[in-house]
Every structure is written in C-alpha cells, then in structure tokens.
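Right, one structure below, let's go through it.
Each reported figure results from applying straightforward, stated rules to the coordinates on display, with no laboratory input. Here the structure is a predicted model, which is why all the values come from computation and not from measurement. Backbone-built Cβ (ideal geometry, glycine too); neighbour counts: all protein chains shown.
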Amino acid sequence: MLTAVGILVAAVLIAFVLRILILRRSRTQQSTHVSTWYTLSRLVSYTVLAVGFFVAIAALGVPLSDFAVLAGAIGVGLGFGLQTLFSNFISGIVLLIDKSLKVGDFVELESGVTGDVRDIKIRATTIVTNDNIDILVPNSEFVAGRVVNWTHRDVLRRLRVPFGVAYGTDKNLVKKAALEAAAAVPFTLHLDGPQRPQVWLSEFGTSSLNFELVIWLNPEATKKPVAVIAAYNWALHSALQTHGIEIPFPQRDLHVKTLFGLSDDDARSALGLADVTTRDDAGTGKTPPMAGADDNDAIDDVGADTSPDTSPDAVAEARPGADD
C-alpha cells in the first residue's frame with residue numbers, strides 16, 4: 001500500500017514538473033502558438049498520471065491481465081454516479097486535441113456567457129469575462145452545445161450598430177453623420193477600401209427610418225463587443241446632434257378640433273397647452289458641439305487592460321511550488 005501511494009505521489013509530482021517545464025519552454029518558441037504548448041503540457045500530464053495509476057495497481061499485486069474485473073467495476077460506477085465527470089473528462093481531451101477551443105480564445109455560449117478562455121482542466125473550462133469574473137463551464141457544454149468562437153479563425157470582425165432617425169431626414173446627411181461617428185472611434189479598422197464603414201437603410205420602422213452603421217473592427221476591439229457598441233452609440237448620438245438630426249421615439253398625437261365651442265389657439269389655451277419655451281436656447285438654431293473621443297468612456301474601457309495576466313505561463317508561475 002505504501003509503495004502504491006508513493007508511486008501515485010511521484011506520478012503527480014512528475015506530471016506537474018513536466019507541465020511547468022513545457023510551459024517555460026514555450027516562452028523561447030515565439031513561432032509556435034501558445035495553445036499548442038498548452039495542449040502538449042496537458043496531454044503529457046494526463047499520460048504520466050495514467051501510467052502512474054497502472055504501475056500503482058501492479059504494485060498492489062493486482063495483475064494487469066486481471067484488471068478487466070476492476071475495469072468492469074469502474075464502468076458500473078461510471079454508469080451510476082460518475083458519468084457526468086467522465087463525460088467532462090473525455091470532452092476536455094477532445095477540446096485539447098481538435099483545437100476547436102484554445103486558451104486565449106474569446107467565446108460566447110448559448111447561455112449568453114462571453115469571455116476569454118483561461119484554462120482547460122479535467123472537469124471544466126475557466127472563462128474570464130470582461131468584468132474579470134471567473135466562470136467555470138463544464139467541458140461537455142462546449143462539445144454538446146453551440147459555441148461562438150470569435151477568434152477561432154481570424155480576429156477581424158464586422159459589427160452592425162442600429163440607429164433610427166425621424167421620417168423626412170435627408171438620407172445623405174444621415175450617412176455623412178454616421179461616417180463621421182465611425183471616424184471618431186479608434187476601433188474602426190479602415191476608413192476606405194473594401195473594409196470601409198458603410199451606412200445601410202435597413203428598415204422603414206413605425207416611427208423612424210432605421211439605419212445600420214456597419215464597421216470592421218480592429219483586433220483590439222474584438223474581445224469587448226459590449227463596450228465597443230457603447231462607444232459607437234456615443235459617437236453616433238454626438239454626430240446626429242451636431243447635424244441637427246432628430247432621433248425619434250414612439251408617440252401619439254391627439255388632435256382636438258373643438259373644445260366647448262373653442263378651436264385652434266383658444267382651445268389650446270383652455271387646456272393649458274399654450275406654447276411655451278422650455279429652454280433658453282430654444283429656437284436659436286444652435287446645436288451642441290460634437291463630443292470628442294476623450295468624453296467617450298467606452299473607448300477607455302476597451303483600450304484599458306484591467307484584467308490580470310491569464311496566460312498559461314503566468315497561471316503556472318502563480319501556483320505554489322511553481323519555481324521548486
């Protein structure tokens with residue numbers, strides 16, 4: 001028993017040391033993707049642990065040829081109580097081998113969870129949201145469910161920001177204002193060429209002409225879609241105000257032809273609806289100046305990296321005994 005326990009402890013230590021050495025080796029190989037070294041370290045660790053387990057079983061005096069009985073008992077246990085754990089373990093191996101999900105990818109699950117993949121472990125995968133919240137997702141959810149991987153093939157993404165203006169507004173003026181808003185946000189990839197910003201008239205709404213500002217994002221903004229949309233909304237609102245374009249909202253007009261024999265201005269006066277000026281600058285024709293990028297907090301949120309270093313090397317170094 002002591003020999004078997006010693007073998008298992010040695011296997012765990014060897015697996016841990018080999019994983020640390022592989023991750024450190026990855027620092028000197030700039031041409032190879034970090035996720036490849038991470039996958040290699042995990043597979044080597046699992047292999048060492050499996051070999052140590054079988055050697056420990058042999059040290060207990062159980063012949064490996066007769067291990068079929070024990071394997072049958074383990075299979076019964078998996079069928080009754082450990083099937084979920086076993087499913088997550090196999091799913092984790094599949095994710096590491098086929099590379100459909102890698103450390104550093106930005107993913108979106110069916111549940112609406114979005115964030116960076118920080119670690120792929122035996123049971124669950126750790127996802128760090130943009131609010132620096134760690135979410136543990138079972139590995140089987142990535143295999144059985146639908147996952148949107150924003151950075152699987154390419155980090156360049158196209159974003160559509162919807163907005164509406166009042167009927168009667170000049171379309172060309174709307175396009176000019178929207179393109180100025182796209183140019184004011186630093187996440188726009190190109191201002192001309194095939195990936196230039198575009199303005200689409202997408203729908204004739206109930207109370208507005210609905211447009212979409214279509215822009216290609218640079219890699220910096222791909223992993224923070226919520227803050228990026230907020231940044232473009234801010235710039236759009238400022239640009240529309242600068243050009244005096246009205247942003248409509250659902251409303252109903254009540255037309256009163258006569259009231260107790262009164263009409264027009266007399267009827268409005270009787271209802272207390274006489275025209276009043278609610279703002280000092282009403283009717284002056286002046287529009288507020290367009291806010292600059294310094295006022296747009298969403299731009300600062302995307303540009304600032306407030307999350308801790310979640311690379312595999314940093315995680316491994318932060319664990320106790322990493323330098324032993």
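Would you give the gap between the C-alpha center of segment 80-130 and the C-alpha center of segment 157-231, rounded to a whole Å? For segment 80-130 versus segment 157-231, the Cα centre distance is 34 Å. When the charge dipole of segment 149-252 is built from unit charges on Cβ atoms (+1 for Lys and Arg, -1 for Asp and Glu) and taken about the Cα centre, the candidate among Ala231, Val155, Val214 whose Cα reaches farthest toward its positive end is Val155. In segment 149-228, Cα pairs under 8 Å separated by at least six residues give a relative contact order of 42 percent.
Note on Met1 and Glu110: the model spin-label points, each 7 Å out from Cα along the C-beta direction, lie 4.7 nm apart.
Each of Thr47 and Ile90 was given a label point 7 Å from its Cα along the Cα-to-Cβ line. The distance between the two points is 2.2 nm.
Working from label points 7 Å from Cα in the Cα-to-Cβ sense, the Asn132 to Ala58 distance is 5.0 nm. The fraction of Cα-Cα pairs per 10 angstrom bin, counted from 0 for segment 114-212, comes to 13, 29, 22, 23, 12, 2 percent, rounded to whole percents.
Within a Cβ distance under 14 Å of Val174, other residues only, what is the Lys/Arg minus Asp/Glu net charge?
-2
In order along segment 133-149, the Karplus-derived 3J(HN,Hα) couplings, from 6.51 cos²θ - 1.76 cosθ + 1.60 at θ = phi - 60°, round to 10, 7, 10, 8, 10, x, 4, 5, 5, 6, 8, 8, x, 8, 10, 9, 9 Hz, and Gly and Pro are given as x.
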